[in-house]
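Worksheet: one structure, shown below.
The values are calculated or read from the model by the stated rules, or taken from the named source; none is laboratory data. Computed from a prediction, not measured in an experiment: that's the story for all the values here. Note: ideal-geometry Cβ built from the backbone for every residue, glycine included; neighbour counts use all protein chains shown. The area values use the complete protein model at the heavy-atom level, side chains included, leaving out ligands, DNA and RNA. Shrake-Rupley method; radii C 1.70, N 1.55, O 1.52, S 1.80 Å.
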Amino acid sequence: MAVLRKDINELLTQTGPGTPMGELFRQYWIPALLAEELPENDCPPVRVKLLSERMVAFRDSEGRYGLVDEFCAHRGASLWFGRNEGSGLRCPYHGWKYDVTGQCIEVPSEADNSSFCQNVQLTSYPLVKIGDVLWTHMGDAATRPPLPEFEWVHVPGEQTYTSKRWQQCNWLQAFEGGIDSSHVTFLHSGGLKTDPLFRGAKGNEYNMKDTKPFFEVADSDGGLFVGARRNAEEGEYYWRITPWVMPAFTMVPPRGDHPVHGHFWVPIDDENCWTYSFDYHPVRALTETERQAMIDGHGVHSKNIPGTYRPTANMDNDYLIDREAQKRGETYSGVAGIAMQDASLQESMGPIVDRSKERLVPADSGIIKARQKLRKAAIALRDEGVTPPGVDPAHQRVRSAAVVLPQAESFLDSCRDAVKVTPGVAQSSV
Amino acid sequence: MAVLRKDINELLTQTGPGTPMGELFRQYWIPALLAEELPENDCPPVRVKLLSERMVAFRDSEGRYGLVDEFCAHRGASLWFGRNEGSGLRCPYHGWKYDVTGQCIEVPSEADNSSFCQNVQLTSYPLVKIGDVLWTHMGDAATRPPLPEFEWVHVPGEQTYTSKRWQQCNWLQAFEGGIDSSHVTFLHSGGLKTDPLFRGAKGNEYNMKDTKPFFEVADSDGGLFVGARRNAEEGEYYWRITPWVMPAFTMVPPRGDHPVHGHFWVPIDDENCWTYSFDYHPVRALTETERQAMIDGHGVHSKNIPGTYRPTANMDNDYLIDREAQKRGETYSGVAGIAMQDASLQESMGPIVDRSKERLVPADSGIIKARQKLRKAAIALRDEGVTPPGVDPAHQRVRSAAVVLPQAESFLDSCRDAVKVTPGVAQSSV
Amino acid sequence: MAVLRKDINELLTQTGPGTPMGELFRQYWIPALLAEELPENDCPPVRVKLLSERMVAFRDSEGRYGLVDEFCAHRGASLWFGRNEGSGLRCPYHGWKYDVTGQCIEVPSEADNSSFCQNVQLTSYPLVKIGDVLWTHMGDAATRPPLPEFEWVHVPGEQTYTSKRWQQCNWLQAFEGGIDSSHVTFLHSGGLKTDPLFRGAKGNEYNMKDTKPFFEVADSDGGLFVGARRNAEEGEYYWRITPWVMPAFTMVPPRGDHPVHGHFWVPIDDENCWTYSFDYHPVRALTETERQAMIDGHGVHSKNIPGTYRPTANMDNDYLIDREAQKRGETYSGVAGIAMQDASLQESMGPIVDRSKERLVPADSGIIKARQKLRKAAIALRDEGVTPPGVDPAHQRVRSAAVVLPQAESFLDSCRDAVKVTPGVAQSSV
């Protein structure tokens, strides 16, 4: 199948200011931090790098959130060292003070302080708490869309859990793992049997038995539905439906009554990304056991180095690979945990994989379509100012689903309801 | 106020061989090492990088100091591994031997050893001990100026103390902190109250009360006097006078009877510099308590990793920032110690700050004038061969001062004597 | 003497695909791994980087060795995480499986698996165990030469020992140390007296007494014989003969009845190389004491960080330099061990030394001739397709020798037999 030309790979992987894909990302609300990173008013500011821009986030004395240029407008000292007090963040070098909008509100050395300040403003973006996540929109305020409506951040707090981890590769190769349903049978075969947040579902059996899933990919308002069809009982198919909402929200099809999970893949710069990983249940609280398993790095979550969002198993320690466990088949690649199994392989491709060397197969059709759609949207935005899919919050009210259907049925027709968010109704799961 | 054009920023920050600012630095005697780094005859050689040149310093059997190209003229092995013995430094690879002038004095493999050696000479610079510092002059020997006469290295040993630390940014942004009197009120407010080498002076009160110092900057023979004027008692001003002697010697105005201190900022390469920090008292020995405080990293000194000149609190550990101490106001930025408060913010700007993004204010007038003066001197040297200010040792006999004057008096007129070095007379201090 | 032009230095030091020296190296069988790195069938694969190509080596269920492109042909995941089982290496991402020739033999997602696989083949090279080394030939299979016949890997296992270490510099400056007989008198003077694998030989005395060896360099079929002549007893010369077989095999002249040793210098990329170090005795088993000394890092071997081939003493810890031992003369450079004495100095020159700054002497004539020969061979290969010296296994059946000859005798005439491999006959050694 066709390989990706170098220039298209660059278009899709570069998200700094002024790049087509960077402008695309700037159309959306994206996760900037976990809410836990700014736990209280006047807490320490946090360094944030997104889409190759360096900023600090802070929460002021009134609980307002701000995301502003990291560097003081005066002589460029980092505001990460700043004093967060009295409804503003003060540069510790000469006391210049900014509010959450980046507006300078005090320059102590100036006699006519207020008129001087008026013209000093840091680049800043809104920062809004929805669920356990602080969201930002780094694009033009004039065309700022309504706030995101992903179900995961709108269910009650006891029904949801979100973690994040630093991934040392470009966002696209991380994201592509998220819509790649065919690798589960291999890379995660151990996890299907043992992971407390995956095991025990009937669907896992279909998953393991049929290594040749057939893929059907359909456009959705916000992106795609990737349907992976495997043989089930006589005359039936087991369908796993993975929704993608542009630019980078994906959900894993559910398993039994386990919470359903997914990811938001956010570029830090062109060689690093944040993987936000979430689990939620549409109709019930997470059990203590489930929540603890997530904290412990099971399911789609990772165990991180305390005080950081870097996984304990990482590139520098070969992901703590255990060749004996691999040999015994407990893990397929020797790496423990579903999250790090994905991350280790995605990072192993190099910071930005050379997609001109790929050899794609029909099982990659979700990935192929997603790339086409991203490219098309980025170019339409750049050349004609077209608002891309997924910006409208209505596009975000989707779910993944795992269903068994008679062979004759179309997954899209039969699952119209299953892939929609319906409050009070559980996910469709096998 | 005007920002600095990119090309001017490059001119001021680049000091490698052949650059205008590099040539300017090569007109002066500058600190190359602390004398303690070569503690005895035939001690181990020391790697030295200055103005982007890699060298080794050594002290031979007769106590002569040498500063020579790091690499053997033969096949380029590092002479840092060399044997310092028999009045010369011998390359351990094939035994080639050099004296302190870089002259090759033995090539064991050669039959006609002396005639061969005659034509082998390493680049070398003089290395002269004055006070606790080994000074070098990396420019043309033909126009070598007389030795430096800064008071700090000429008072008796018991009256002076010098330390150094590696700073991970360009020399200019480190130096600019040294003539920036307005940040004391903010960044060092904790130190004014608690540091054993700063606290207790009457002047500190004026410093803290008036956050809007007025700046008056005057040319001196060797550079500038930066006067910062704050309100004192009725009808009086508190003046703090910071002398700068080109290229990179600055002094902090004194406080009470504390020793007076200052810095010499020396480029290692374009992204690193050595900060030499000194304290001395013109008329009395340092007390044991004072000396110990300096060793412990108080005042302008830093606590370094044993066996190195790298601060214990550094970029890799976020300067051991203590957010609780910052919250309580014990430190303004969360970083402990006056030296590291400065260094942390200067390094936070990046290796070479982009000065085209600055927003300068009248409180920066010392910095603005210093940049103009540096640029003018570098260009005059390059284009017309003009010897720059500060080369003449007479220009170096200056002091900082802190005085209270009637409002009507000019600080320059009133302080003519205070800013001059007068042996046997104490610094003018409040 | 003439310095090396920049373009010639680049020609000699660059060995990536498509470079003239890279093509030269690809004419030969070269060491790829130690056999111990793939200790059993279906053991974990090993990452291998050679001549700037990244590969994995593995040993399949039948004991066949393979050296294949590190990255899966599908989407570029590293096969280092692969499952080595069932006579092939399986990518853990989607289960693609390859045999030792790099041929894809299974793509689980594909219905018509075998016809799809047929067209999927990873770049691969043969991997052949001879002695304790796995050899590869990275050039065109059509002109693949017969297997190497170096004596060291053909004597019975109890007579030979091989180690390897990572050296952080270009292969050429490591190799040049291997044919540089004149540095022994200096850098290794301590080792001649104390190293259990060097000390006690009569030849060492000649070595230490005469610091002005005369060099005579003669072409051999495969490269050079570098003869270093020193004064011995009245009327006699002590000759040390170092053979070089192209591209990078060198042997140290023997000492007494010690095992004889040598090296193979293999480019990893342009700034790193593997140093393979061996000891063997042509006619007897190594004693337990000798073998243990080699394991302990004596002689030409290094003590490595357990689980790695990086020396314990390395660039990051200044090679554990001991200035007191240097002062006392126990070591000449302060670095312990013959291997690390060489490596430390070669690495100290920088990743790729600038040979335009050299000042060569007659004692460097071996190095000068070797460079000329390499350059000539690389150009003859590139321009005319000439097979270079050393490819023919007959060229590889050489030995080093150390002999005392009457002054009138030619070393080449007298040593014709000594420098030839004669099974059952001991090395010629003094």
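Given 10 °C and 1.306 mPa s, how large is the Stokes-Einstein diffusion coefficient of segment C:149-191 in µm²/s, with Rh as the Kirkwood radius over Cα pairs?
Roughly 121 µm²/s, to the nearest whole number.
I'd like the distance separating the alpha-carbon centroids of segment C:301-338 and segment A:380-401, in whole Å.
When both Cα centres are located, 61 Å separates them.
Determine the alpha carbon to alpha carbon distance for each of C:Lys202/C:Lys327; B:Lys6/C:Lys6; A:Lys164/B:Lys357; C:Lys193/C:Lys303; A:Lys6/A:Lys376 and list only those over 22 Å.
Among C:Lys202/C:Lys327; B:Lys6/C:Lys6; A:Lys164/B:Lys357; C:Lys193/C:Lys303; A:Lys6/A:Lys376, the Cα-Cα distance tops 22 Å for C:Lys202/C:Lys327; B:Lys6/C:Lys6; A:Lys164/B:Lys357.
Which distances in nm, rounded to one decimal and ordered from shortest, link the label point of C:Gly157 to the equivalent label points in the other identical copies, with labels set 7 Å from Cα toward Cβ?
Taking the point 7 Å beyond Cα along Cα→Cβ, the inter-copy spacings are 6.6, 6.6 nm.
Suppose the chain between A:Ala394 and A:Leu147 were pulled fully straight at 0.36 nm per residue; how much longer would it get relative to their current alpha carbon spacing?
Gain on stretching A:Ala394 to A:Leu147: 87.9 nm.
At what distance in angstrom do the alpha carbon centres of segment C:167-199 and segment A:93-162 lie from each other?
Cα centroid to Cα centroid, the span is 63 Å.
Treating the beta-carbon of each Lys and Arg as +1 and of each Asp and Glu as -1, no other charges, what is the dipole magnitude of the protein assembly as shown about its Cα centre, to the nearest 20 debye?
The dipole of the protein assembly as shown has a size of about 480 debye.
For q values of 0.04, 0.05, 0.09 Å⁻¹, compute log₁₀ I(q)/I(0) with the Debye formula on a Cα-only model of the protein assembly as shown, without solvent.
Once normalised to I(0) and log-transformed, intensities are -0.30, -0.47, -1.26.
Which of the aspartates and glutamates could a cross-linker span from C:Lys97 if the Cα-Cα distance has to be under 16 Å and same-chain partners fewer than 8 positions apart are dropped?
Qualifying aspartates and glutamates at Cα under 16 Å: A:Glu358, C:Asp42, C:Asp60, C:Glu62, C:Asp69, C:Glu70, C:Glu85, C:Glu106, C:Glu110, C:Asp112.
For chain B, with every protein chain kept in place, what is the accessible area per residue (1.4 Å probe, Å²)?
Per residue, chain B has an accessible area of 36 Å².
Collect residues whose amide H, placed 1.01 Å from N in the peptide plane, falls under 5 Å from the amide H of A:Val48; neighbours closer than 5 in sequence don't count.
Long-range HN contacts for A:Val48: A:Met55, A:Val56, A:Ala57.
Set the Förster radius R0 to 35 Å, insert the Cβ-Cβ distance between C:Asp219 and C:Thr312 as r into 1/(1 + (r/R0)^6), and round the FRET efficiency to 0.05.
0.35
Which value, in square angstrom to the nearest 100, describes the accessible area buried between chains A and C on both sides, using a 1.4 angstrom probe?
Using a 1.4 Å probe, the pair buries roughly 2700 Å².
Over all directions, the average projected area of the alpha-carbon convex hull for segment B:369-430 comes to how many nm²?
Averaging across all directions leaves 5.7 nm² for the Cα convex hull.
I'd like the carbon and sulfur percentage of the solvent accessible area for chain C, probe radius 1.4 Å, heavy atoms only, ligands and nucleic acids excluded.
In chain C, the share of accessible area belonging to carbon and sulfur is 51 percent.
Is segment A:244-287 best put as rounded, prolate or oblate by its Cα gyration tensor, with a ≥ b ≥ c the root eigenvalues, rounded for a/c under 1.5, and otherwise prolate when a/b is larger than b/c, oblate when not?
prolate
Report relative contact order for segment C:315-360 in percent, whole number only (criteria: Cα-Cα under 8 Å, sequence separation at least 6).
After rounding, I find 28 percent.
If we hang a label 7 Å off Cα along the beta carbon direction at B:Ile295, how far is it from the matching labels on the other copies, in nm, shortest first?
4.8, 4.8
Ordered by residue, what ³J(HN,Hα) values in Hz, to whole numbers, does segment C:222-231 give under the Karplus form 6.51 cos²θ - 1.76 cosθ + 1.60, where θ = phi - 60° and Gly and Pro are x?
Going residue by residue, I get x, x, 9, 10, 9, x, 10, 9, 10, 5 Hz, with x marking Gly and Pro.
Keeping all protein chains in place and using 1.4 angstrom, which order do A:Glu158, A:Glu234 fall into by accessible surface area, from largest down?
Heavy-atom accessible area, descending, gives A:Glu234, A:Glu158.
For segment C:81-95, what does the Karplus curve 6.51 cos²θ - 1.76 cosθ + 1.60, with θ = phi - 60°, yield as ³J(HN,Hα) per residue in whole Hz, taken in order and with x for Gly and Pro?
Result, rounded to whole Hz: 7, x, 8, 9, 7, x, 6, x, 10, 10, 5, x, 6, 10, x.
Relative to the present Cα-Cα distance, how much length would full extension add between A:Val3 and A:Glu288 at 0.36 nm per residue of separation?
Between A:Val3 and A:Glu288, full extension yields an extra 98.0 nm.
Quick one: compute the contact order of chain C, relative version, from alpha carbon pairs under 8 angstrom and 6+ residues apart, as a percent.
20
Considering the zone a paramagnetic label at C:Lys129 would reach in this model (a point 7 Å from Cα along the Cα-to-Cβ line), which residues of segment C:37-51 have amide N under 16 Å from it?
Counting only backbone N, you get C:37-46.
Could you order C:Glu236, A:Glu330 so the one with the most accessible surface comes first? Probe is 1.4 Å.
Largest accessible area first, the residues go A:Glu330, C:Glu236.
Using only the heavy atoms of the protein chains and a 1.4 Å probe, how would B:Ile105, B:Ile179 rank by accessible area, largest first?
B:Ile105, B:Ile179
Can you divide the C-alpha Rg of segment C:32-147 by 2.2 N^0.38 Å and report the result to two decimal places?
Compared with the compact-globule rule of thumb, segment C:32-147 sits at 1.02.
What number, rounded to the nearest 500 deg cm²/dmol, is the helix-based mean residue ellipticity at 222 nm of chain B, given -39500 (n - 2.57) per DSSP H run of at least four residues and division by all its residues?
-6000 deg cm²/dmol
From the label point of A:Asp140, set 7 Å from Cα along Cα→Cβ, how far away are the matching label points in the other copies, in nm, ordered shortest to longest?
Inter-copy label distances (nm, one decimal, shortest first): 5.9, 5.9.
Using every pair of alpha-carbon atoms in chain C, split the distances into 10 Å bins beginning at 0 and state the percent of pairs per bin, rounded to integers.
Per 10 Å bin, starting at 0, the Cα pair percentages come out as 5, 21, 31, 26, 12, 5, 1, 0, 0.
Divide, for segment B:271-319, the radius of gyration over alpha carbons by 2.2 N^0.38 Å, where N is the residue count.
1.34
Give, ordered by residue number, each residue of segment A:103-133 whose 1.4 Å probe accessible area is reduced by a minimum of 10 Å² on adding the remaining protein chains to the chain alone.
Correct list: A:Pro108, A:Ser109, A:Glu110, A:Ala111, A:Phe116, A:Asn119, A:Val120.
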